[in-house]
Amino acid sequence: MKGFEYLQNQLDDMKEEGTFRHLIPLESAQGARVTIKGKNVIQLSSNNYLGLTSHPRMKKAAEEAIADYGVGTGSVRTIAGTLKMHEDYEERLAEFKHTEAALVFQSGFTTNQGVLSSILTDQDVVISDELNHASIIDGIRLTKAGRRIYKHVDMASLEEALKETQNYRKRLVVTDGVFSMDGNIAPLPEIVELAEKYDALIMVDDAHASGVLGENGRGTVNHFGLDGRVHIQVGTLSKAIGVLGGYVASTQSLKDYLIHKGRPFLFSTSHPPAVTAACNASLDVLLEEPELIDKLWENTKFFKKGLQDLGFDIGISETPITPVMIGDDALTHKFSDQLFKEGVFAQGIAFPTVQKGKARVRTIVTAEHSKQDLQEALEAFERAGKQLNILK
Ligand code: PMP
């Protein structure tokens, strides 16, 4: 059919530049090892930090919910699509996060869009770290609020932005808790101190910290002992939690406000029973199986040290997200392809997701990996690194 030649031209340009991406389907369940193109490989690219995507307690909860409540809800939350289990889960989540209330959105992405677009007006300003996630950037684009971008984790730059914006009604400082491409943790104690000094609100996106940092995986705020001092915690239920969705943990008034004004919440159908039941069961897992988080960190330390001992540059990572810095886009993709031949699935990440010259193969170990998996992966990295002259 005619009409999309203008899009096809751009795709052809992307193919020429080498930036065109093919989706890579898994032929097995998500896990420490997966099947791709008929080959069993070690999975180092998922966000399934604790291996919960196939946790038996969560699968059982989901199966029972389908048997009792069906597969869908048939409505948005505000009309006929709120199940009692949605509310029960939100209550438990708030308790877990040590906040007054929690509200679940359809995804982490729509959570950021919904929160940012609804609570800020043209009388307000949002102050955002330059490396914040795309969903924060898009959420900011949806507001009429003023915008200031501060240099990545640079507190002098943040303070400058706070000083310059004292005439606004409200100021909101927003940061990722853990940055998704470099795996570094936001300097939250300093951010909180500055925000308190300048009377600004704070919002933290714990997509990569929920289930990973803090007591039982309560996140960055809890990790730094800052419970009660961060106004808005958002996060996803699709990474360490292993299911789907996003949440806001904050005050009852913010929750009530978002129920009335958060557009993705208002206008998109609520989560199916299986999703909510599995998320609810994940709280039991986090509280009763803390050894999963211990294993995640043990594996993280082992794998990071292994990469460094081989001579790889892992940047500024402090969490299970461990980039292997390569630099050149084409070499990064070649390295990822070679790793696949060696039995490891670790995706290359290049421009525009990261800056030009900062391409990397991003790895994420999980609690499900055995020492044997990680040892084999390190050997594959060594062989591929030597073959492409990344390692001497
Ligand atoms: N925030 C951050 C920091 C993320 O990394 C992601 C996931 N890519 C999201 C939000 C979006 O979460 P979800 O996948 O649940 O939409």
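The values are calculated or read from the model by the stated rules, or taken from the named source; none is laboratory data. Computed from a prediction, not measured in an experiment: that's the story for all the values here. Heads up, the Cβs are rebuilt from the backbone with ideal geometry, glycines too, and the neighbour counts pull from every protein chain shown.
Miscellaneous remarks
- Criterion: touching a residue at least 24 places away in the same chain (Cβ under 8 Å) and polar (S, T, N, Q) - qualifying residue of Asn9, Asn40: Asn40
- For the stretch 313-325, the count of residues that are outside the structural domain of Gly219 (by the TED database), surrounded by 23 or more Cβ atoms within 10 Å (Cβ to Cβ) and more than 16 Å from the ligand (Cβ to nearest atom) is nonzero.
- Thr73 being within 30 Å of Asp256 (Cα to Cα) and in contact with a Gly (Cβ under 6 Å, 6 or more places away or on another chain): yes
- Flag if His369 is within 26 Å of the chain's Cα centre (by Cα) and at pLDDT below 95: no
- Ala186 being crowded, with 24+ Cβ neighbours inside 10 Å, within 16 Å of the ligand (Cβ to nearest atom) and of a type in the set (A, V, I, L, M): no
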